[in-house]
Amino acid sequence: MKYELRENHGIPAPLLALMAVATGLSVANCYYNQPLLGSMAKDFGVSDFSASMVATLTQIGYVVGLVFVIPLGDLVSRKQLILTNYIISSCALLAIALAPNIYWVWGASLLAGASSVMPQFFIPLVSFHSAPAHKVRNVGIIQSCLLIGILGSRVLSGFLADMWGWRSVYFVACVFMLGCFLMIYKMLPVLPARSRENYAGLMKSLLRLLAKYPYLRIASLRAALAYGSFFALWSCLAFRMKQEPFFADDDIIGALGLCGLAGASSVVFISGYVQKYGVRFFSIVGGCVILAAWLLAFFGNDSYLWMIIAILLIDAGMQCIHLSNQTSVVSLDASAINRVNTVYMTIYFLGGSAGTFVSGLFWQHYGWAGVVGVGVAFTVASLFVNCFQPRLHKDECSIF
């Protein structure tokens, strides 16, 4: 059954539920690897840094998809783009599962990241078509499922890897993508393009949007720096947990994602207060919570209890920052909603990629203390960006 969608008229509950589930399953493709990096390094006989490049290249691939694929949503049928990406991601995941060496995994991970951008079609779509009174709530639902996909993927991958090896994770993920393809094909209506520009014009317009909206630059940068801090933890956590005193297996490392899920539940609370207290407030609170998480991760790095609390805090803080900032930027320009979201998410994932890469380097040379230093530096930089909040119109202040 296909549904009809119109601007601000609301989204049928079954379709919203489908997009929420598809969002979680799609974004999970980028994060299955995190609990598996230690096992990949051992299986292929490579260094921890070489294994960490799997996560870095996946994030870079996601950025490539954001820059070159998402803007097409304003030019051609978004449904066709979404379906095409599901097919490509299925092939990429299968290639990882069958990879003969780490270089094959690197290339397929880049493609898997680039073709897993479907949530960034769904989020603007939900914001655009939801009834005004439900916009923040519905975007919050999608964002919540997105984070559940990020964190739940770690739990699932750790469990499957412990049972049947790390390659089984990617076989299962491939099946998930094919299932999403079938459901989206049956239920999502045709979504025509809203722009008459050519592709080159659309790409140039990304820079114009970035120049036009100072707030877009501020929101994107502070969220990106926080995301870099967030990824510094998750990209190196598997390496730390395989050392003494933990000596944890993949299933235990993956199970730490359950702690992240608990932290992610804060999105339900946050979404109801963004318009009341404003984005800058939540960006500062979120940054302070992440900073506290890193202090716990440093002083309690040999204790499961303190590490779990740190994970809870860093995920809750990240949700404060990301949900509030993304909800605000997609309301800047309805005529270019996909491109505005592209600019935001591109900068956001560049921050995540930078955090993954730098923390991998510091882990190799300075161990866990170096990773904590990277996380603290990214968090402090994110908090500092709040000092440059641009002047806004009165009608914008309630949310921005």
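Of Phe362, Phe378, all but one fail to be closer than 25 Å to Pro119 by Cβ and either assigned to a helix (DSSP H, G or I) or modelled with pLDDT of 85 or more (or both); the exception is Phe378. Ser331 meets each of the listed conditions (1) surrounded by fewer than 22 Cβ atoms within 10 Å (Cβ to Cβ); (2) more than 30 Å from Ala133 (Cα to Cα); (3) touching a residue at least 60 places away in the same chain (Cβ under 8 Å) apart from (2). Only residues that are surrounded by 22 or more Cβ atoms within 10 Å (Cβ to Cβ) and in contact with a Ser or Thr (Cβ under 7 Å, 6 or more places away or on another chain) were counted across the stretch 286-316, and they come to 4. Taking the criterion of being closer than 30 Å to Val340 by Cβ and of a type outside the set (A, V, I, L, M, F, W, C), the residues of the stretch 44-72 that qualify are Thr56, Thr58, Gln59, Gly61, Tyr62, Gly65, Pro71.
For the stretch 37-57, enumerate the residues that are touching a residue at least 60 places away in the same chain (Cβ under 8 Å) and over 21 Å from Asp162 (Cβ atoms). Matches in the stretch 37-57: Ser47, Phe49, Met53, Thr56. If the condition is being within 20 Å of the chain's Cα centre (by Cα) and surrounded by fewer than 19 Cβ atoms within 10 Å (Cβ to Cβ), then the stretch 85-105 contributes only Ile88.
Only one of the numbered conditions (1) closer than 30 Å to Arg137 by Cα; (2) at pLDDT 90 or above is not met by Tyr170, and that is (1). Of the residues making up the stretch 217-235, not a single one is within 19 Å of Gly73 (Cβ to Cβ), aliphatic (A, V, I, L, M), at pLDDT 90 or above and within 25 Å of the chain's Cα centre (by Cα).
The values are calculated or read from the model by the stated rules, or taken from the named source; none is laboratory data. This structure is a prediction, so every number in the text was calculated from the model and none was measured. FYI the Cβ positions are ideal-geometry reconstructions off the backbone, even for glycines, and counts take in every protein chain you see.
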